[in-house]
Structure formats: structure tokens, C-alpha cells
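*Asks:* First the structure, which I've put down as C-alpha cells, then a few questions once you've had a look.
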Amino acid sequence: MSIRTMIAEDEMMARKELLYLLKDEKDIILTPHAETGEQLIELYTEHKPDVIFLDVEMPGFTGVEAAKYITDQAGEDSPMFVFTTAYDEYALDAFEIEAVDYLLKPYDEGRFKKTMLRIRKSYASKVKKGTQDGQPTASKLLVDDGERMVVVSPDSIYYAVPNNRQLEIHTEDKVIMSRMTLQELEEKLSAHEFFRAHRSYLVNLNHILEITPWFNGTSNLTLKDKARTVIPVSRSASKSILKTFRV
């Protein structure tokens with residue numbers, strides 16, 4: 001699942017801080033940033049980000065004014081907003097236009113991770129409802145194995161891993177080899193409960209049996225398949241998945 005993300009912030013150091021936090025989020029694709037409310041409206045029209053990290057106080061239109069304008073124009077296709085501010089009294093303004101969250105400056109990494117979790121859950125819910133492209137979520141997936149198109153139920157997939165320029169898709173009873181990339185599969189399954197445990201592994205959250213701490217902040221996932229497959233989880237992904245199951 002790739003989430004197009006825009007930063008709207010007039011302070012250079014604050015932008016750099018957000019960029020630093022976002023750089024390790026593998027599903028984030030950054031669009032050009034905005035430094036004023038007017039520029040945000042112009043760039044939003046051009047790039048259509050899924051989420052905007054929006055400073056409450058900016059030159060020209062304030063962040064709240066720009067967000068209201070975009071929301072009125074976009075309707076159901078409106079992006080998600082995360083307000084950023086040095087003053088927590090602005091939080092009420094953020095939720096008046098149904099912002100996903102707000103972040104206080106200077107940013108706390110733990111609080112930022114919670115915000116990312118909210119963004120991902122909101123985005124997945126939006127995709128499931130078909131509001132992003134106006135189409136219903138597919139209950140079946142077509143996978144090209146090089147010879148034919150194989151129909152696969154997303155729920156039957158346990159995990160996927162690249163192998164020698166092909167992708168192994170492990171289901172309940174077979175392994176399907178595909179020419180698509182792991183990133184392409186992740187995007188096709190964005191409306192379903194899949195998790196990028198590692199740069200080389202995409203895992204179905206519904207088939208996880210247990211999570212075992214490993215070393216240096218990493219962990220291992222054991223799946224419910226007959227082989228009790230163990231999947232490595234990177235340090236950043238380990239933090240995210242633990243928060244997912246605590247919700």
C-alpha cells in the first residue's frame with residue numbers, strides 16, 4: 001500500500017524534521033511540499049496526495065482555511081489531514097474538519113508512529129469503501145504466473161517473498177510464482193490486511209500465530225500454516241505491528 005504524502009509547512013527546520021521521520025516509512029511516497037496555504041491548494045490540485053501534514057499557521061491562508069477549501073472542493077475524495085502545531089489549543093480546529101490526527105512541535109517519534117498507524121487504518125478503510133477510485137474492492141485477485149492468469153482469494157494468501165526475479169505467493173495449499181513485484185502485489189492488496197514485515201516479505205495479518213522478540217529491536221512472526229513458517233520483521237516494522245495488535 002503506497003500513500004502519497006505532502007508536507008505543507010513554511011518553516012524549513014520543521015519540514016526537515018518531518019522528512020526525517022517519514023523517510024523510514026516504506027509505504028510513503030512524498031510529493032512536492034507547500035510553504036503557503038495558496039501554494040498548498042495549487043499543489044494539491046496537481047498532485048492529489050492521500051494525506052497532508054499541514055501546519056496550522058502559514059502565510060496567506062492558514063492551514064485550517066486551506067484544509068476547509070480543499071475539503072469543500074474535493075468532497076468524498078478529500079485527502080486525510082494531519083495538523084502540525086506548537087500549540088495544543090489548535091487541536092480542536094483540527095478535529096472540526098475531521099482531521100486524522102494532530103502533532104505537536106517539536107515532534108515526538110513515538111507520537112508520530114501512532115499518527116502513522118491512524119493514517120494507514122484510515123487509508124485502508126477508505127480504499128475498502130471504494131471512495132478512492134469509485135470502484136468496489138475486489139474479493140479475488142488475478143495473478144499472472146507467466147502462462148495463465150490464476151484467480152486467488154486474498155484471504156488465502158499467507159505471505160509473499162521475491163525469489164530469483166519472480167515472486168513466490170504462498171497460499172493455503174500451493175505456491176504461485178508470479179512476474180509481478182512485491183510492491184505491485186502490496187498495492188493490489190492495499191484494501192486487505194497485509195503488512196510489510198520486511199523489505200522482502202508481505203504478510204497476511206490474519207494468519208499470524210505469534211510474534212517473538214529477536215535482537216536489536218527486531219522480531220519474528222510465526223504463521224498459522226502447516227509448516228509454521230517464520231518470517232523476519234525489521235526493527236521499524238516490529239514497532240508498528242505491535243501497535244497494530246494493541247489497538
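*Asks:* Could you please rank Ile3, Ile29, placing first whichever residue has the fewest other Cβ atoms within 10 Å of its Cβ?
*Replies:* Final ranking by Cβ density, sparse to dense: Ile29, Ile3.
*Asks:* With θ set to phi - 60° and the Karplus curve 6.51 cos²θ - 1.76 cosθ + 1.60, what are the ³J(HN,Hα) couplings of the range 14-31 in order, to the nearest whole Hz, using x for Gly and Pro?
*Replies:* 5, 4, 4, 5, 5, 4, 5, 5, 7, 5, 8, 8, 5, 8, 9, 10, 7, 9
*Asks:* For Rg and Dmax of the Cα atoms in Å, pick the label among [x] 19.6, 60; [y] 19.9, 65; [z] 17.2, 50 that corresponds to the value derived from the coordinates.
*Replies:* [x]
*Asks:* I've got another one for you. What is the order of Ile169, Ile176, fewest Cβ neighbours within 10 Å to most?
*Replies:* Lowest count first: Ile176, Ile169.
*Asks:* In terms of modelled amide H atoms, which long-range or inter-chain residues lie less than 5 Å from the amide H of Asp145?
*Replies:* Result for Asp145 returns Val150.
*Asks:* Same structure, new question: Looking at the square roots a ≥ b ≥ c of the eigenvalues of the Cα gyration tensor of the range 3-128, which shape do they give, rounded for a/c under 1.5, prolate if a/b is larger than b/c, or oblate?
*Replies:* Rounded, since a/c falls under 1.5.
*Asks:* Straight-line reach from Lys114: which lysines have Cα under 18 Å away, leaving out those fewer than 8 places along the same chain?
*Replies:* Lys23, Lys26, Lys105, Lys239, Lys243
*Asks:* Scan around Leu103 for amide H atoms under 5 Å from its own, H built in the peptide plane at 1.01 Å from N, and keep only partners 5 or more places away or cross-chain.
*Replies:* When sequence neighbours closer than 5 places are left aside, the close amide H contacts are Phe83, Thr84, Thr85.
*Asks:* Still on this structure, please answer the following. From the backbone phi of the range 211-223, what are the Karplus-calculated ³J(HN,Hα) couplings (6.51 cos²θ - 1.76 cosθ + 1.60, θ = phi - 60°) in whole Hz, Gly and Pro given as x?
*Replies:* Along the range 211-223, the couplings run 10, 10, x, 10, 9, 6, x, 8, 7, 10, 9, 10, 8 Hz.
*Asks:* Using mean Cβ contacts within 10 Å as the protection proxy, how do 4-11, 202-209 order, highest first?
*Replies:* Ranked by mean Cβ neighbours within 10 Å, highest first: 4-11, 202-209.
*Asks:* Spelling out what I want: for every residue of the range 60-73, take phi, set θ = phi - 60°, compute 6.51 cos²θ - 1.76 cosθ + 1.60 (Karplus), and round to whole Hz; glycine and proline get x.
*Replies:* Each residue of the range 60-73 in turn: x, 4, 6, x, 5, 5, 5, 5, 5, 5, 4, 4, 5, 6 Hz.
*Asks:* Lys174: which aspartates and glutamates have alpha carbons under 12 Å from its alpha carbon, excluding same-chain residues fewer than 8 sequence positions away?
*Replies:* Asp225
*Asks:* If you don't mind, there's one more thing I want to ask. I'd like the FRET efficiency for Leu242 and Glu42, computed as 1/(1 + (r/R0)^6) with the beta carbon distance as r and R0 of 45 Å, rounded to 0.05.
*Replies:* After rounding, the FRET efficiency stands at 0.70.
*Asks:* Sticking with this one: Glu11's amide H: which non-local residues (gap 5+, or another chain) put their own amide H closer than 5 Å, with H modeled 1.01 Å from N in plane and none for Pro or chain starts?
*Replies:* Sorted by chain and number, the residues that satisfy this come to none at all.
*Asks:* Turning to a different aspect of this structure: Arrange the following residues from fewest to most other Cβ atoms within 10 Å of their Cβ: Leu104, Leu40.
*Replies:* Leu104, Leu40
*Asks:* What's the extension gain from Ala86 to Met12 if we count 0.36 nm per residue and subtract their Cα-Cα distance?
*Replies:* 25.2 nm
*Asks:* Do any chymotrypsin sites (Phe, Trp or Tyr not before Pro) in the range 152-232 lie in a loop, going by DSSP, with at most 15 other beta-carbon atoms within 10 Å of their beta carbon, and if so which?
*Replies:* Here the chymotrypsin sites (Phe, Trp or Tyr not before Pro) that fit, given the DSSP loop and packing criteria, are Trp214, Phe215.
*Asks:* Ok, one more. If Lys and Arg each add +1 and Asp and Glu each add -1, what is the summed charge of the other residues whose beta carbon sits under 10 Å from the beta carbon of Ser234?
*Replies:* +4
A short reminder: the numbers here are calculations on the coordinates, not readings from a lab. Just so you know, these numbers come straight off a predicted model, no measurement behind them. No Cβ is skipped: glycine too gets one built from the backbone with ideal geometry, and neighbour counts run over all protein chains shown.
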